[in-house]
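Heads up, the thing below is written out as structure tokens.
Read-outs: derived from the displayed coordinates by stated rules, not from any lab. What you see is a predicted model; the values in this text were computed from it and never measured. Here the Cβ is made from the backbone with ideal geometry for all residues, glycine too, and neighbour counts use every protein chain on show.
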Amino acid sequence: MNKKYILIALISLIIGVLIGSLVFNKSEFEPLPKQEKSSGMRGIYDIDKNINEKTIDDYLGRPDTVYRDVRMLEDTATWENKGGERDLTGFVEGFEVIPYAYLTEFPQEYIDQKKSENVTGLYKGKTLFRLDKKGNYVANYKESMSILEQIFPKDKYIFLMCGAGGYANFTKQMLVSLGWDKSKIYNVGGYWNYEGKKGISTKIKGKNKCDFSKVPYHNINFDRLTKVK
């Protein structure tokens with residue numbers, strides 16, 4: 001009698017594990033909707049119509065996807081003049097931060113555009129790549145491409161987020177120009193417009209400061225890289 005109950009229990013357990021595995025795999029690997037640009041200015045920034053600040057919570061935790069927030073921890077630009085923030089006051093759960101500003105320099109037309117919008121002080125420091133006169137990305141360091149491939153794996157879908165969508169757009173353009181598959185890179189918009197429930201605040205209570213220790217951050221130590229002559 002006991003053996004019978006043990007056998008039934010084992011069979012039930014196996015069936016439960018199989019069903020749970022099937023349900024898990026289905027939810028994790030449901031095909032992503034094809035990219036579709038939003039309308040208006042958001043479309044110019046190539047922010048996706050289906051996967052964005054309103055819906056991103058439904059697409060978190062996928063093993064076939066990496067999540068990258070391309071803002072700086074402390075931006076040098078005056079984003080407060082346009083209703084934004086300099087500091088990274090929060091981020092979406094699962095996203096890792098790697099500043100676009102450290103990947104490559106800003107196009108001059110973007111600098112001019114922001115200046116006309118009263119946003120000045122864009123970062124002008126060291127970057128992995130630079131733009132030549134033809135708009136091509138040229139490596140500043142021998143390790144530049146390997147670092148890029150490590151942070152943005154080509155065999156995964158890549159979700160990009162920033163403050164409003166601009167940095168994410170430039171990051172996508174850069175990756176595509178350097179050989180990444182455009183269909184696998186989604187600009188999911190900006191954290192300043194995030195409407196989900198998976199936000200993680202970095203603000204310190206009672207202080208006008210942030211605790212960046214909780215931010216998953218890809219640091220680039222330029223001083224340890226080999227310059228291309």
Fewest-first ordering of Glu80, Glu105 by Cβ atoms within 10 Å yields Glu80, Glu105
With +1 on the Cβ of every Lys and Arg and -1 on the Cβ of every Asp and Glu, the dipole magnitude of the range 52-167 about its Cα centre, in debye rounded to the nearest 20, is 540
If the chain between Thr120 and Glu30 were fully extended at 0.36 nm per residue, the gain over the current Cα-Cα distance would be 28.2 nm
Note on the chain: contact order normalised by length, alpha-carbon pairs under 8 Å, 6 or more apart, percent, works out to 25
Distance in Å, no decimals, from the C-alpha centre of the range 67-138 to the one of the range 193-224 is 16
Treating only Lys and Arg (+1) and Asp and Glu (-1) as charged, each at its beta carbon, one finds that the chain has a dipole about its Cα centre, in Debye to the nearest 20, of 320
With Cα coordinates, the longest principal axis of the chain makes an angle with the long axis of helix 2-29, in degrees rounded to 10, of 20
So, over other residues within a Cβ distance under 15 Å of Trp79, counting Lys, Arg +1 and Asp, Glu -1, the net charge is -2
Counting only backbone N atoms under 17 Å from a point 7 Å out along Cα-to-Cβ of Asn50, the residues of the range 157-188 in range are 157-160, 182-188
Volume per residue (Å³) of the convex hull spanned by the alpha carbons of the range 91-150 is 107
Measuring from the longest principal axis of the C-alpha atoms of the chain, the long axis of helix 166-177 (C-alpha) lies at a number of degrees, nearest 10, equal to 80
Checked the chain with the C-alpha gyration tensor, a ≥ b ≥ c its square-rooted eigenvalues, rounded below a/c of 1.5, otherwise prolate if a/b is larger than b/c and oblate if not; verdict prolate
